[in-house]
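Engineer: The structure that follows is given in the form of structure tokens.
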Amino acid sequence: MQDRTYTADAEPGDAVTVAGWAHEIRDLGGIAFLIVRDQSGKIQVKFEKDDMDDELVETGLDVSRESVVKVTGDVEEEPRAPTDVEIVPTDVEVVAPADPELPLDPSGKVDAELPTRLDNRTLDVRKDEVKAIFEIRAEVLRAVREAFRDLNCTEINTPKIVATGTEGGTELFPITYFGQEAFMNQSPQLFKQLMVGSGLERVFEIGPIFRAEEHNTPRHLNEATSIDFESAFYDHTEAMDACEHVVKAAYEGVAENCAEELEALGLEDEFSAPEGEFPRLSYQEALDKINATGELDEQLVWGDDLSTEAEHVLGQEVGEHYFITDWPSEIKPFYIKDHDDDEEISTGFDMMHPSMELVSGGQREHRYDQLVAGFEQQGLDPEAFDYYTKMFRYGMPPHAGWGLGGERLVMTMLGLENIREAVLFPRDRQRLSP
Ligand code: ATP
Ligand code: MG
């Protein structure tokens, strides 16, 4: 539509055509208003019934809510209008009428349950506070990409249909690939590692990961967006520095460019980018801190994984983003390198928001013999991973990296209670459509 003006750009004195949705009709008797909403905002269209063409008035005021309309007219200053301007129409066209019965109310006056909202996402994302989440998500991805470019990374895209899983196990979704069993990839781990040994050296990928998580939880999806980083000649501490840089950049991007969206979410006062370095606690220090609170039924001992409850207790204690480092090797994946001076301790780390895990990373095992032994210890057949291990025989540098859950980043940043709020069309145990 070449002659279209966004409602936010309509200035007094302009003759404009706006196009959008019939947000609301307010009939005060002799005078009535149609509020038109578009991506940029809303504008009031004024109908003075006695002074205007009857057909024009009828079209403008009989339109059902949420129909698509096109309004042509003159923009006038009007201090009593919500945006200080209004349109005096010369033409109103109903471009696409909406059924009078809507499955949910985009004005938000009537609350809808999450399943109803997800079944009708098109209408749901017409709400300012829902639209704001996805505008912010887009800004997070933009800022993250820019931060990776600051770090001299190359963006890559790797296959999502694979012959073998990264870590094997029950979390894989099997599919049929021309009569052969294949899987949806649960992580770009192996591919990004293969690329640090290529001429690219430092790479990132933003893409889907698929995990057959058994349970519906507020922070797990079966299809999630992973923000992955991997760099040649980095150790785990340098990888943590990069992680901090990228997460802070996401917050700073939102703080700088999403004022309106934060306001729509009621977060304008409380939102702030994290400052200072994220504390780095060793796993042992984390256990000690948790045990000292006495809040868990049983004291944690070396080798225990941190339960959701333990993460929560620790998050309360630390109160900001933080890293947990130096995990027991036995509970980190085999491709993570152990410390050279103590093979009981791995270079693996997690980066945590006070409410949950956001990132797992570490330095990788780049020595061929140790890597192949790791596959065997894990009960995996190294032959099946030959395409991967083979490249470690042709000059694979030491390297480190991490994976950050994109939806968890948005969820924790905005204090959303359910990860599904941060995905347009979530996939979970019950939901495969839309
Ligand atoms: P958790 O223990 O919280 O289930 P994980 O340790 O299994 O996560 P990793 O394999 O370490 O997950 O994946 C790296 C990051 O990817 C996680 O820290 C998280 O932010 C994100 N992530 C992993 N699985 C999911 C999922 N099912 N849904 C949403 N995000 C996920
Ligand atoms: Mg993890």
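Engineer: Collect the residues in region 364-381 that are open to solvent by less than 90 Å² (accessible area, probe 1.4 Å), farther than 17 Å from Pro398 by Cα and part of a helix (DSSP H, G or I), keeping them in residue-number order.
Structural biologist: If the condition is that a residue be open to solvent by less than 90 Å² (accessible area, probe 1.4 Å), farther than 17 Å from Pro398 by Cα and part of a helix (DSSP H, G or I), then Ala373, Phe375 are the ones that fit.
Engineer: Taking Arg211 as the residue in question, decide whether it is among the basic types (Lys, Arg) and out of contact with any helix residue (DSSP H, G or I) (no Cβ under 9 Å at 6 or more places or on another chain).
Structural biologist: Yes; evaluated as a whole, the condition is true for this residue.
Engineer: I've got another one for you. Within region 185-204, count every residue that is assigned to a loop (DSSP other than H, G, I, E, B) and either within 15 Å of ligand 1 (Cβ to nearest atom) or in contact (Cβ under 8 Å) with a residue 24 or more places away in the chain (or both).
Structural biologist: Selection size over region 185-204: 7.
Engineer: Just checking, which of Ala212, Ala182, Ala224, Ala250 is within 14 Å of ligand 1 (Cβ to nearest atom), part of a strand (DSSP E or B), farther than 18 Å from Pro398 by Cβ and of a type in the set (Gly, Ala, Ser)?
Structural biologist: Among Ala212, Ala182, Ala224, Ala250, only Ala224 is within 14 Å of ligand 1 (Cβ to nearest atom), part of a strand (DSSP E or B), farther than 18 Å from Pro398 by Cβ and of a type in the set (Gly, Ala, Ser).
Engineer: With respect to Glu48, is the statement that it is touching a strand residue (DSSP E or B) at 6+ places or on another chain (Cβ under 7 Å) and surrounded by 15 or more Cβ atoms within 10 Å (Cβ to Cβ) true?
Structural biologist: No; evaluated as a whole, the condition is false for this residue.
Engineer: Looking at (1) within 29 Å of Ala232 (Cα to Cα); (2) open to solvent by less than 10 Å² (accessible area, probe 1.4 Å), which one does Asp340 not meet, given that it meets all the others?
Structural biologist: (2)
Engineer: Which of the following residues is part of a helix (DSSP H, G or I) and more than 21 Å from Ala232 (Cα to Cα): Met413, Met352?
Structural biologist: Result of the check over Met413, Met352: Met413.
Engineer: Which strands (runs of 3 or more DSSP E) sit wholly inside region 1-97 and have at least 1 residues that are at negative phi, touching a residue at least 40 places away in the same chain (Cβ under 8 Å) and among the hydroxyl-bearing types (Ser, Thr, Tyr)?
Structural biologist: By residue number, 15-27, 68-77.
Engineer: Determine if region 294-309 includes at least one residue that is crowded, with 20+ Cβ neighbours inside 10 Å and either in the same structural domain as Tyr251 (by TED's automatic domain parsing) or within 16 Å of ligand 2 (Cβ to nearest atom) (or both).
Structural biologist: Yes.
Let's see how each residue does on (1) at pLDDT below 95; (2) farther than 16 Å from Ser307 by Cα; (3) within 16 Å of ligand 2 (Cβ to nearest atom):
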{"residue": "Trp327", "(1), (2), (3)": "no, no, yes"}
{"residue": "Asp341", "(1), (2), (3)": "no, yes, no"}
{"residue": "Thr347", "(1), (2), (3)": "no, yes, yes"}
{"residue": "Gly362", "(1), (2), (3)": "no, yes, yes"}
{"residue": "Glu365", "(1), (2), (3)": "no, yes, no"}
{"residue": "Asp369", "(1), (2), (3)": "no, yes, no"}
{"residue": "Ala373", "(1), (2), (3)": "yes, yes, no"}
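Engineer: Here's a follow-up. State which residue is farthest from Val246 (Cα to Cα) when the search covers only region 301-360 and only residues that are near ligand 1 (Cβ under 10 Å from one of its atoms) and of a type in the set (Asp, Glu).
Structural biologist: Here the residue is Asp305.
Engineer: Of the residues that sit in region 188-233 and are in contact with a Cys (Cβ under 8 Å, 6 or more places away or on another chain) and away from ligand 2 (no atom under 16 Å from the Cβ), which one is most open to solvent (accessible area, probe 1.4 Å)?
Structural biologist: Here the residue is Arg202.
The values are calculated or read from the model by the stated rules, or taken from the named source; none is laboratory data. Note that this is a predicted model, so its numbers are computed, not measured. Reconstructed Cβ throughout: ideal geometry from the backbone, glycine too, with neighbour counts over all protein chains shown. The area values use the complete protein model at the heavy-atom level, side chains included, leaving out ligands, DNA and RNA. Shrake-Rupley method; radii C 1.70, N 1.55, O 1.52, S 1.80 Å.
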